[in-house]
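The values are calculated or read from the model by the stated rules, or taken from the named source; none is laboratory data. As the structure is a prediction and not an experimental result, all values here were calculated from the model. Here the Cβ positions follow ideal geometry from the backbone for every residue, glycine too, while neighbour counts run over all protein chains shown.
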Amino acid sequence: MQVQWYPGHMTKAKRMMLEDIKLIDLVIELLDARVPISSRNPDIDEIAKGKSRLVLLNKSDLADPEKNNEWLDYFKDKGIIALFVDSRNRNGFSPVGKSIEEACRTKIERDRKRGIINRPVRAMVVGIPNVGKSTFINSMCKKASAKTGNKPGVTKGKQWINLNKNVELLDTPGILWPRFDNEETGVHLAFIGSINDEIVDEVDLAMELIIFLIKSYSGVLFKRYEINEDNDTAVILNDIALKRGCLKKGNEPDYSKAANILLDDFRSGRLGRITLEDPV
Ligand code: G4P
């Protein structure tokens, strides 16, 4: 299944980010904990060149807890400062401040040597569409949410948000990149809802998800829909349609409706905590 999505507004957004990066000390990259590889935009390396980096694996509440531990080791081995967070419930937030400091240690030291003390760290929050950037920023700033005015040099309309006296955040639009280098990346991004649903065939996508679940999380579909997992993929989708009463006129199964139910159940965690990718 081929999925590619790079609308014009993302090219524009990337251009704006390349402008704004000049004022930035730290890039906070939000990844989706269920797809830590596919949600990593390779263009961010180019945008964030020479800047301090922090990775936050968001939606950790939807990801497999065992796999979360494996992924933590993976990032640690690579020398990348990474934390798991659940922005919706504000879980995992307490070490964020310390990690920002750790990631910016060199900059803070350099400032101190130049006699600049307590200049706030300016951080750009980046990530693919739907990864939870707004939720993260809103949850982080819940206590002292204060939007400051535009700063010179920052694209008009951009807002700085004071996280606290030490950190200012700059939100950015969700961007993808022009070509996914393998089929799996596009499919995984579509599973988690980061690709516009209108350009993806929901039935094909649901079939791909069924194949993955049978292979890696057997029992999950049976538990949710009481269907026989030994059947072929198309029969399983048909059974989900029947179990959920997805019928068209003339009592034909409505595969599109069943596919959307399955995708929605996966995305919202109703199938359980599932991670699609393993560290390599
Ligand atoms: P974006 O700015 O990166 O595009 O993402 P946004 O914050 O709008 O979040 C996209 C969806 O992901 C929202 O759900 C949001 O609630 C959900 N979300 C964000 N962070 C987390 C998290 O850590 N865990 C879980 N489980 N969900 C998270 P929505 O259904 O589109 O909106 P809503 O019904 O929550 O308002």
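Annotations for the structure displayed:
- The lone criterion from (1) within 16 Å of the ligand (Cβ to nearest atom); (2) of a type in the set (K, R); (3) buried (at least 18 other Cβ atoms within 10 Å of the Cβ) left unmet by R270 is number (3).
- Any hit, region 31-41, residues being part of a strand (DSSP E or B), of a type outside the set (A, V, I, L, M, F, W, C), within 14 Å of the ligand (Cβ to nearest atom) and more than 29 Å from R110 (Cα to Cα): yes
- None of A48, A33 is under 17 Å from the mean Cα position of the chain (by Cα) and modelled with pLDDT of 95 or more except A33.
- Subset of region 214-247 (residues that are surrounded by 13 or more Cβ atoms within 10 Å (Cβ to Cβ) and hydroxyl-bearing (S, T, Y)): S216, Y217, Y225, T233
- Matching entry among N238, N231, N164 (being in the same structural domain as V125 (by TED's automatic domain parsing), away from the ligand (no atom under 16 Å from the Cβ) and in contact with a helix residue (DSSP H, G or I) (Cβ under 9 Å, 6 or more places away or on another chain)): N164
- Test set (1) out of contact with any helix residue (DSSP H, G or I) (no Cβ under 8 Å at 6 or more places or on another chain); (2) assigned to a helix (DSSP H, G or I); (3) under 24 Å from D278 (Cα atoms) - L221 fails condition number: (1)
- Sole residue being part of a helix (DSSP H, G or I), in the same structural domain as K14 (by TED's automatic domain parsing) and touching a residue at least 24 places away in the same chain (Cβ under 8 Å), chosen from D111, D73: D73
- Residue in region 83-93 that is assigned to a helix (DSSP H, G or I) and loosely packed, with under 14 Cβ neighbours inside 10 Å present: no
- Residues in region 114-133 that are part of a loop (DSSP other than H, G, I, E, B) and touching a strand residue (DSSP E or B) at 6+ places or on another chain (Cβ under 6 Å): P120, V131, G132.
- Scanning region 182-200 for residues that are touching a residue at least 60 places away in the same chain (Cβ under 8 Å), surrounded by fewer than 17 Cβ atoms within 10 Å (Cβ to Cβ) and away from the ligand (no atom under 16 Å from the Cβ) yields E183, I199.
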